Amino acid sequence: MQDKMMSTERMSMADNACDELLSYGIWNANTKFKNFIRKYLLGKQIAPEDRIFWPTGLIADALWRSRNDAASALQNKIDESLYAYFERWVKKGSPVFYLDDLLSGETFLGIYEEYIDNKLSSIINKKNEAVFKNAIDKLAEFALAYPTDELGGLPYRPSQGNGHIYVDSIGLACPFLYEYGRFNKKSEYMELAIKQIANFLAYGIDASTGLPYHGYDVATGTKYGIIGWGRAVGWLLRGMTGCMGSEYGEEKLLEFYIKLTDSVIKWQRKDGYFSWQLQALEGPADTSATAMICLSLSEGIKRQFLIGKNYGKVLELGIRAIRKSIKNGRVYDCSGECEGFSQYPQKYGAYPWALAPALQILDVSIGDLDDGFKMYRLTPEA
């Protein structure tokens, strides 16, 4: 009965994720008109309509990684949605605007790699194989030609005229760069990814708590934002786990990943959530922080990076908490989109950045890790 309920719950979330993949962030007629007025009559700078911006990149990644667990009809919908998502971007000329766009490259690369391995795909065929490869290469080349700071770091928005490094970029760009380099045997991409993480660990971590600031500027030695912003932690952990898919990344990052994880999990609340700012235990809970942290824990446990110390209990408490925030296939109690350093609107609702990571870990839990790595489905709550 429990397994059936969990399956239905995840199917509803995946169904919503497919819909959001093709609708979130897309300008409707009203938005297009307003932006036209702002740009041409008021002379304001308008960000472009980005067809693969990071919220949908997160959704695409979650759908691709969870598709094999879905019923066949839903698998078909996921594949159709991912194909439409890619095709819509290609028809616009495959524009790459920001580092954020590299997140979608993870999914495109995963789809392409699976096709190359077995030549079976409902998304790629002989006709569009070259289109897929060229689009993926374009994302990688964008990163290699990107402006850097004096240590080779990738500023989040170089057009703003500063060298601000955001932790978001670690989770947005590094896994794609690392996997692209691994797949194509191009070590410069793997090294670029690891360099971003190494720089952040050196210049963006609070020495007292072991938690990340939101960002830093190496030229001034200044750290920006707050310490322990929940999604900052999630982005950093995501980037690290995404760059440990081969011996090179594991050797460079494993020690630091374990240390960061240990600094993070001590801030889990009694109700299982992590707060929007980890140390704000009496502040609002944040399902995006909770789900991103739990997804990293799940990956770490599965790959035997995290051994003992009750990591599984932390994960199970987090999953139970997330389930309390799910309604009609959406994950609520998620903090709104950040607007920059120290600009964290206290607005909570259902957003893709909670839905995507929650979709991947909802029905997974780990038993007592002190004597092994037994995986099992979440047991009914008493």
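Rule-based calculations on the coordinates, nothing more; no lab input. Model, not experiment: these values are computed from the prediction. When we count neighbours, we look across all protein chains shown, and the Cβ atoms used for this are built from the backbone with ideal geometry, even at glycine.
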Calculate the all-directions average of the projected area of region 74-201's alpha-carbon convex hull, and give it in nm². 8.5
Which residues make up the longest stretch of the chain that has no trypsin sites (Lys or Arg not before Pro) in a DSSP loop with at most 16 other Cβ atoms within 10 Å? 187-265
Mean projected area (nm²) from the convex hull of Cα positions in region 138-179 is 3.1
If you place +1 on the Cβ of every Lys and Arg, -1 on the Cβ of every Asp and Glu, and leave all else neutral, what size is the dipole of region 2-377 about its Cα centre, to the nearest 20 Debye? 880
Would you please give the residues with an amide H less than 5 Å from that of Val331, counting only those at least 5 places away or on a separate chain, with H modeled from the backbone geometry? Tyr351, Leu355
Taking other Cβ within 10 Å of each residue's Cβ, how do Thr290, Thr261 sort, fewest first? Thr261, Thr290
For Gln277, distant residues with modelled amide H under 5 Å away: Gly230
Residue by residue through region 328-335, the couplings from Karplus 6.51 cos²θ - 1.76 cosθ + 1.60 with θ = phi - 60°, in Hz, x for Gly and Pro, are 6, x, 10, 10, 8, 6, 9, 6
Order of Ser325, Ser12, Ser298, Ser246 - criterion: other Cβ atoms within 10 Å of each residue's Cβ, fewest first: Ser246, Ser12, Ser325, Ser298
Could you run the Debye sum over the Cα atoms of region 221-319, one equal point scatterer each and no solvent, and tell me log10 of I(q)/I(0) at q = 0.13 Å⁻¹, two decimals? -0.42
Got a sec to turn the phi values of region 203-213 into Karplus ³J(HN,Hα) couplings, 6.51 cos²θ - 1.76 cosθ + 1.60 with θ = phi - 60°, whole Hz, x for Gly and Pro? 10, x, 9, 6, 5, 6, 9, x, 9, x, 6
For the chain, the longest site-free run once GluC sites (Glu not before Pro) in DSSP loop states with at most 11 other Cβ atoms within 10 Å are removed: 1-149
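Can you pick out the pairs among Lys77/Lys186; Lys133/Lys185; Lys266/Lys324; Lys266/Lys327; Lys77/Lys119; Lys138/Lys195 whose Cα atoms lie more than 23 Å from each other? Mind dumping the intermediate values first?
On the way: Lys77/Lys186 34 Å; Lys133/Lys185 15 Å; Lys266/Lys324 21 Å; Lys266/Lys327 28 Å; Lys77/Lys119 20 Å; Lys138/Lys195 21 Å.
Correct reply: Lys77/Lys186; Lys266/Lys327.
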The chain: spread of alpha-carbon positions along the three principal axes, whole Å, largest first, is 58, 53, 44
Can you tell me the dipole magnitude for region 142-248 around its Cα centre, using point charges on the Cβ only (Lys, Arg +1; Asp, Glu -1), in Debye to the nearest 20? 220
Can you work out the Karplus-derived ³J(HN,Hα) for every residue in region 136-141? Use 6.51 cos²θ - 1.76 cosθ + 1.60 with θ = phi - 60°, whole Hz, and x for glycine or proline. 5, 4, 5, 4, 5, 5
Taking 8 Å as the Cα distance limit and 6 or more residues as the minimum spacing, I'd like the relative contact order of the chain as a percentage. 15
Charge dipole of the chain built from unit charges on the beta carbon (Lys, Arg +1; Asp, Glu -1), centred at mean Cα; most positive-end Cα among Tyr273, Ile205, Val314 is Tyr273
Which aspartates and glutamates, on any chain, are close to Lys92 with Cα under 13 Å apart, when same-chain ones fewer than 8 places away are left out? Glu49, Asp50
Separation in nanometres of the label points that stand 7 Å from Cα toward Cβ, at Asn134 and Arg320: 5.4
Which value in deg cm²/dmol, rounded to the nearest 500, describes the helix-derived mean residue ellipticity at 222 nm for the chain, given -39,500 (n - 2.57) per DSSP H run of n ≥ 4 and division by the residue count? -17000 deg cm²/dmol
Rounded to the nearest 20 Debye, what is the dipole magnitude of region 1-134 about its Cα centre when Lys and Arg each give +1 and Asp and Glu each give -1 at the C-beta? 760
